[in-house]
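A short worksheet on the structure shown next.
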Amino acid sequence: MPVISPHAPRVLIVGGGLAGLAAAVRCTTLGLNVRLYEKRAYLGGRAFSFVDRETDVEIDNGQHIYLGACSAFREYLKDIDALEAVHEQDQLRLPVQKDGVMSTLEWSSIPAAGMLPSLLRYKHLSWADKFRVIRGMLAIRFANLDKRGNELDQITFRSWLESRGQTSSAIDDLWNLIVRPSLNDDIGDVSAHAGIMLFQTALMGSGDDARIGYSRVGLSQLTGEHGRQYLESHGQSIEMESGIASLTSADGRVTGVVTQDGSEIDADAVVLAVQNTDIKRLVPDAFAGESFVTDAESLGTTPIVGIHIWYDRQIMEGPFQAVLNSPLQFIFNVSEMQTGADDVAGEEGQHIVISLSGAWEWSKLDRAQLRERFVAEMANAFPKAREAGIVRFISVKQVNATFRVTPGSMIHRASQRTNVPNLYIAGDWTDTDWPSTMESAVRSGNLAAKAIAEQFSDRLNAS
């Protein structure tokens with residue numbers, strides 16, 4: 001257990017999302033004093049849970065999963081003693097339904113075979129498309145992102161796939177099945193660099209990299225509460241419901257922050273662990289022209305809509321599945337996935353979540369409109385839902401859920417080390433080599449903490 005010297009550099013972190021928490025935890029392991037400010041009443045950022053006012057039940061804002069390849073996120077969970085609160089598949093297993101027909105994409109029990117056997121059995125592609133997909137996978141495996149990264153960031157993944165013989169049916173029923181939920185955008189809008197990176201990382205490594213993991217408890221408890229306990233047990237300070245109005249500066253350096261109530265807090269270094277849309281309002285005018293500010297403004301954002309439905313009976317089996325040829329996208333069985341799941345629908349009921357990525361169309365609809373559309377869609381996909389009663393319906397919208405990895409976006413992902421000597425940034429949108437994921441958020445926090453420790457190495461060694 002690290003012992004923090006009172007003479008160690010003082011790091012002030014703005015934002016208690018995953019990036020801020022990861023920065024705080026890593027700063028702690030490196031011997032730095034931390035004071036973290038979070039404007040909301042909970043930690044975890046966009047991966048949070050909240051209490052439904054009508055039922056007094058804690059629910060997640062949306063369903064979050066991760067892959068075994070998310071090494072930094074898994075290490076963060078280990079550091080804060082939260083690994084026991086997640087479940088990880090023994091191997092990738094993804095049920096996919098299309099027009100009432102079910103097929104499963106999974107990792108072979110023969111490791112060297114990878115996903116090839118299940119791809120050949122996959123019912124939602126013609127044999128011609130299966131062989132096209134295999135050729136596409138080989139092209140991805142041998143794509144050199146180090147040499148051709150900038151070039152591949154200028155075109156869409158769809159156009160890259162089409163130039164390699166992929167048909168619309170193959171793109172819709174396999175490639176976009178993976179891309180849309182992973183990158184929160186349509187395959188025709190994400191860069192080829194982001195798409196290729198996704199497949200190389202998730203599906204072309206080991207079987208452990210491809211397996212899916214998810215929380216068995218509420219998200220705020222998993223990443224936030226465990227993180228808070230770790231930090232406070234090491235003497236670090238967390239200020240909840242305490243927003244930051246601006247940074248203070250002198251002689252080209254940041255000196256601290258001004259809180260919403262007007263208090264000035266001094267610090268040796270500041271980490272802005274906030275969304276790219278919040279950067280400009282926090283920095284002093286003197287820094288408004290810095291590249292990290294303009295880069296943050298240049299990145300677009302994408303919405304996610306989560307729909308919670310409590311049925312009075314079981315309408316689906318298994319923890320999750322995808323649905324093709326339907327707006328449903330991905331369905332999650334919360335009653336099975338979480339321990340001590342809520343009893344809103346009674347012992348015989350079931351709580352499901354529909355996760356809608358790239359949800360511009362759905363984010364514009366009100367709850368009644370969403371209910372009318374998606375209750376009907378669930379009845380189309382799940383016969384048992386046709387006779388089931390609905391106990392509760394909730395929709396949760398995150399308008400700026402993630403940044404967009406559109407062509408040309410890579411150059412705008414700023415380094416965690418800014419041009420201001422003691423000002424750092426963290427967030428999934430910064431330069432981490434990962435798309436907008438929990439993994440990217442944690443990596444950004446780790447990188448920011450490492451840079452701070454390097455800047456203050458002499459003081460750390462002295463303390």
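Hey, can you tell me all the residues within the stretch 168-226 that are closer than 20 Å to Pro435 by Cα, of a type in the set (A, V, I, L, M, F, W, C) and not in a helix (DSSP H, G or I)?
Answer for the stretch 168-226, where residues must be closer than 20 Å to Pro435 by Cα, of a type in the set (A, V, I, L, M, F, W, C) and not in a helix (DSSP H, G or I): Ile187, Val190, Met204, Ile212.
Among (1) surrounded by fewer than 21 Cβ atoms within 10 Å (Cβ to Cβ); (2) within 30 Å of Ala143 (Cβ to Cβ); (3) of a type outside the set (Ser, Thr, Tyr); (4) out of contact with any Gly (no Cβ under 6 Å at 6 or more places or on another chain), where does Glu241 come up short?
(2)
Okay, residues lined up against (1) modelled with pLDDT of 95 or more; (2) surrounded by 15 or more Cβ atoms within 10 Å (Cβ to Cβ); (3) polar (S, T, N, Q); (4) closer than 30 Å to Glu347 by Cα:
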| position | (1), (2), (3), (4) |
| --- | --- |
| Ala286 | no, no, no, no |
| Gly289 | no, no, no, no |
| Pro303 | yes, yes, no, no |
| Ile307 | yes, yes, no, yes |
| Tyr311 | yes, yes, no, yes |
| Pro319 | yes, yes, no, yes |
| Val323 | yes, yes, no, yes |
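Given Leu145, Leu105, which one is buried (at least 19 other Cβ atoms within 10 Å of the Cβ) and of a type in the set (A, V, I, L, M)?
Values: Leu145 fails: buried (at least 19 other Cβ atoms within 10 Å of the Cβ).
Only one candidate passes the filter, namely Leu105.
I'm trying to understand the selection: among the residues of the stretch 246-259, which are surrounded by fewer than 14 Cβ atoms within 10 Å (Cβ to Cβ) and over 15 Å from Thr418 (Cα atoms)?
Passing the criteria: Ala250, Asp251.
Of all residues in the stretch 329-362, count the ones that are under 18 Å from Ser103 (Cα atoms) and crowded, with 22+ Cβ neighbours inside 10 Å.
Residues meeting the conditions: 2.
Go through (1) in the same structural domain as Asn446 (by TED's automatic domain parsing); (2) over 27 Å from Gln200 (Cβ atoms) and name the single condition Ala47 misses.
Status for Ala47: all satisfied but (2).
Which pairs have Cβ atoms under 9 Å, sit 6 or more apart or on different chains, and link a residue in the stretch 31-46 that is acidic (Asp, Glu) to one that is part of a loop (DSSP other than H, G, I, E, B)?
Glu38/Gly15; Glu38/Gly16; Glu38/Gly45; Glu38/Glu241; Glu38/Ser242; Glu38/Gly243
Given the options Asp99, Asp90, Asp153, Asp129, name the one that is acidic (Asp, Glu) and under 18 Å from Pro435 (Cα atoms).
After applying the criteria, what remains is Asp153.
Before we move on, is Leu370 in a strand (DSSP E or B), modelled with pLDDT of 95 or more and outside the structural domain of Ser49 (by TED's automatic domain parsing)?
Numbers: in a strand (DSSP E or B): no; modelled with pLDDT of 95 or more: yes; outside the structural domain of Ser49 (by TED's automatic domain parsing): yes.
Against the criterion (in a strand (DSSP E or B), modelled with pLDDT of 95 or more and outside the structural domain of Ser49 (by TED's automatic domain parsing)), Leu370 does not qualify.
What are the residues in the stretch 285-317 that are hydrophobic (A, V, I, L, M, F, W, C) and touching a residue at least 40 places away in the same chain (Cβ under 8 Å), if any? Write out each step before concluding.
Within the stretch 285-317, the subset hydrophobic (A, V, I, L, M, F, W, C) is 286-288, 292-293, 296, 299, 304-305, 307, 309-310, 315-316.
Across the stretch 285-317, the qualifying residues are Phe287, Phe292, Ala296, Leu299, Ile304, Val305, Ile307, Ile309, Trp310, Ile315, Met316.
I'd like to know if the stretch 391-401 contains one or more residues that are of a type in the set (Ser, Thr, Tyr), under 18 Å from the mean Cα position of the chain (by Cα) and crowded, with 17+ Cβ neighbours inside 10 Å.
no
Scan (1) surrounded by fewer than 22 Cβ atoms within 10 Å (Cβ to Cβ); (2) closer than 24 Å to Ala453 by Cα; (3) at pLDDT 95 or above for the single condition Ala269 breaks and write down its number.
Unmet for Ala269, out of (1) surrounded by fewer than 22 Cβ atoms within 10 Å (Cβ to Cβ); (2) closer than 24 Å to Ala453 by Cα; (3) at pLDDT 95 or above: (1).
Could you check, for the stretch 228-240, whether at least one of its residues is acidic (Asp, Glu) and either assigned to a loop (DSSP other than H, G, I, E, B) or more than 27 Å from Phe456 (Cα to Cα) (or both)?
Within the stretch 228-240 (the criterion being acidic (Asp, Glu) and either assigned to a loop (DSSP other than H, G, I, E, B) or more than 27 Å from Phe456 (Cα to Cα) (or both)), the answer is no, since none of the residues qualifies.
Looking only at the stretch 242-265, decide whether some residue is assigned to a helix (DSSP H, G or I), assigned by TED's automatic domain parsing to the domain that holds Gly31 and not hydrophobic (A, V, I, L, M, F, W, C). Step through it out loud before you land on a result.
Our first condition is that a residue be assigned to a helix (DSSP H, G or I); within the stretch 242-265, this holds for none.
The answer is no; no qualifying residue exists.
Just checking, which of Ala376, Ala388 is free of Cβ contacts under 8 Å to residues at least 12 places away in the same chain and not basic (Lys, Arg)?
On the way: Ala388 fails: free of Cβ contacts under 8 Å to residues at least 12 places away in the same chain.
Every option except Ala376 fails the conditions.
If you go through the stretch 294-313, how many residues are within 24 Å of Gln369 (Cα to Cα) and not aliphatic (A, V, I, L, M)? Please lay out each step first, then the result.
Start the filter on the stretch 294-313 by keeping residues that are within 24 Å of Gln369 (Cα to Cα), which leaves 301-313.
Okay, now just the ones that are also not aliphatic (A, V, I, L, M), so 301-303, 306, 308, 310-313.
Selection size over the stretch 294-313: 9.
Which of the residues that make up the stretch 383-401 are over 20 Å from Ser436 (Cα atoms) and either outside any loop (DSSP other than H, G, I, E, B) or touching a strand residue (DSSP E or B) at 6+ places or on another chain (Cβ under 8 Å) (or both)?
Quick first cut of the stretch 383-401, residues over 20 Å from Ser436 (Cα atoms) only: 383-395.
Once the filter is applied, which keeps residues that are over 20 Å from Ser436 (Cα atoms) and either outside any loop (DSSP other than H, G, I, E, B) or touching a strand residue (DSSP E or B) at 6+ places or on another chain (Cβ under 8 Å) (or both), the stretch 383-401 yields Pro383, Lys384, Ala385, Arg386, Ala388, Gly389, Ile390, Val391, Arg392, Phe393, Ile394, Ser395.
The values are calculated or read from the model by the stated rules, or taken from the named source; none is laboratory data. Keep in mind the model is a prediction, meaning the values are calculated, not measured. When we count neighbours, we look across all protein chains shown, and the Cβ atoms used for this are built from the backbone with ideal geometry, even at glycine.
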